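The values are calculated or read from the model by the stated rules, or taken from the named source; none is laboratory data. Since the model is a prediction, treat every value here as computed from it, not as a measurement. With ideal geometry, Cβ positions are generated from the backbone for all residues, glycine too; neighbour counts draw on all protein chains shown.
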Amino acid sequence: MPSHPSQCKEAREDNFMQWDEDFDVVCVGSGLGGMSAALTAAERGATAIVLEKFDLLGGTCALSSGQLWLGPHHLQSDAVADSDEDADAYLTHLSQGFATPDRRRVFIERGREALRFMTDVIGIEMAVIDKLPDYYYPAVQGSKSAGRYVEVMPFAASRLGALADKVLTSPYGDGYSYTTSNEFVAMQTGGASVVEALQHHLKAGERCAGAGLAAAQVFAARERGVVMRTSSAVTELIIEDGEVLGVVVKDADGEKRIRARLGVVLATGGYDWKPDFVRAFDALPEAGSMSPPTVTGDHIMMAARAGAIAVPARAPSQSPIFLGYKVPGEKIYGKDSYRMYLPGVPHSIAVNRHGKRFANDGFYPDVATKVARFDGQENGQPNWPAWIIFDQNMLDKYGMSPSWPGMELPEGMAATADSLAELAQTVGIDADALAETIKRYNGFCSDGVDHDFGRGTVPWGRIMTGDPNLLNPNMAPVLTAPFYAVKIERVTMGVPTAGLPIDVDGRVLDVSDQPIPGLYAAGNSAAWLDIGGGYNSGIANTRGVLYGYLAALDMTSQRIAASERNSA
């Protein structure tokens, strides 16, 4: 009789279960979490399948900047003075008491291990994003001016062959998938323009940012024999005696039961397109999303049957819920389109309905936090609704996605008027206050010092949204008619408030904090118990790589240990 748990599991499955297919590791979702788990498992000799609900591979990561953020790592220059202690201090501040120290230590120590595995073993070419500071540098202890961000090198799509058309690139414009963060930062100090970089990569057939990272992982997975299927929706976990044995998947041919000898990794992302979850967990009555339409919280519903309950890892106001706006008439994935708004572009400000600025509108985390402020004495949310106010100079010089500089905005996207008073009346803003706000802000632009909110003082914001040719990269006056107002919306990007609780090996925990046999979670499906409250771009992608890697290590280590016992 078999005595080891994994042997008992296989004996029980063979006796009672009817399977259509059989793999060691089943990964649900093809973003960084699922692909990293599949790559790690395959490299360690296991069979792996990736099941993607959408019709393209890559997940939300493929639509992102593709940045990873982590503490000290092997790609850093020797000139970078970094340490685990500094990284821990920075993350401790971000967490605001929500994260657990043991999980935070795993993020720091094993995050670099996972990165080295992807570069040195899997062969994905990565590079440090030069001169890009942490969000809160230099204000927060442990923050650094450079060295912590990493991105994939441009990846030639031709290497994918027929798979090239099955890997997601951004539908929001070529700038998202065909430029690197290094090029964007270099532009601020005299480097080639983003348009030049974009044209270069398009001509070379190179994918960058999240699209490039997704392509590189798919390429590596194919080389290792990982099976990857799109339009394959996992609808159910197969559970017996509290143990996850496999999944039910629905595709064009019907339903199949796929066995997972070592385990199932849930890496379906967040729950952007599940309005009930967005309201309940993120405290948003309404929000748009730029994630694929298949990001509907499937991991939460499936894991509930196995005994796991999604838990919030922070207050909703601390989640990286982005700012954006609607683009009337534009459909993405068949749904109404939203675009991300990064405040700080010269010749523009953000105001509330009282016509007043209320945040450092050169740094999106500050604006995103302040619009969510609640005050019962000020009609609930004093800074919501809010608007982007700008002039013709802004449109002519910088444009506003999806419009390039000098182009008109899509019809209905903005209110416009020849005077600020008329504009205020059109959108319902206090006209006198708006005029005074603009006058005061324009006065600050003369010497480039924002005496009210410190606009342009955050290095990250100066680089990412500023114009290096200005005295203050984030500041130029709002002067030239016509004037415009675009209503700000809350926009999710797959990074949720709540997720499945996991341990340091990526094992999903039940309501008694015990690991559920055979069930793992990675990426944004896993609760942010390691980071907690705040955010810095790149952390979400690092968590995908890290917990996909750790989950596969844990699963394959069980098999290796069992094999060693059997051969002893």
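A few comments on the model shown:
- Residue check for N352: on the phi < 0 side of the Ramachandran plot, in contact with a helix residue (DSSP H, G or I) (Cβ under 6 Å, 6 or more places away or on another chain) and outside the structural domain of P501 (by TED's automatic domain parsing): no
- Scan of the stretch 426-454 for residues that are part of a helix (DSSP H, G or I) and either outside the structural domain of V478 (by TED's automatic domain parsing) or touching a strand residue (DSSP E or B) at 6+ places or on another chain (Cβ under 8 Å) (or both), ordered by number: T426, V427, L434, T437, I438, Y441
- Lone unmet requirement of (1) modelled with pLDDT of 95 or more; (2) within 21 Å of the chain's Cα centre (by Cα); (3) crowded, with 21+ Cβ neighbours inside 10 Å; (4) not β-branched (V, I, T) for P496: (1)
- Check on D375, surrounded by fewer than 23 Cβ atoms within 10 Å (Cβ to Cβ), closer than 30 Å to A424 by Cβ and in contact with a Pro (Cβ under 6 Å, 6 or more places away or on another chain): yes
- Residues in the stretch 466-488 that are touching a Lys or Arg at 6+ places or on another chain (Cβ under 9 Å), buried (at least 20 other Cβ atoms within 10 Å of the Cβ) and not polar (S, T, N, Q): P473, M475, A476, V486.
- Those residues of the stretch 217-240 which are within 11 Å of E52 (Cβ to Cβ) and in contact with a Gly (Cβ under 9 Å, 6 or more places away or on another chain), in sequence order: V218, V234
- Filtered by the rule that a residue be among the hydroxyl-bearing types (S, T, Y) and part of a loop (DSSP other than H, G, I, E, B), the stretch 460-491 gives a lone residue, T480.
Residues are listed down the side, and each one gets a yes or a no for (1) under 17 Å from E489 (Cβ atoms); (2) in contact with a Leu (Cβ under 8 Å, 6 or more places away or on another chain):
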position: I321; (1), (2): yes, yes
position: V327; (1), (2): yes, no
position: P346; (1), (2): no, yes
position: T369; (1), (2): yes, no
position: G376; (1), (2): no, no
position: N379; (1), (2): no, no
position: P405; (1), (2): no, yes
position: A417; (1), (2): no, yes
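- Residue check, F363 hydrophobic (A, V, I, L, M, F, W, C), surrounded by 22 or more Cβ atoms within 10 Å (Cβ to Cβ) and either assigned by TED's automatic domain parsing to the domain that holds H451 or more than 30 Å from Y136 (Cβ to Cβ) (or both): yes
- In the stretch 188-204 there is at least one residue matching the filter, namely being more than 19 Å from G494 (Cβ to Cβ) and charged (D, E, K, R).
- Breaking point among (1) more than 27 Å from the chain's Cα centre (by Cα); (2) assigned by TED's automatic domain parsing to the domain that holds G31, for D530: (1)
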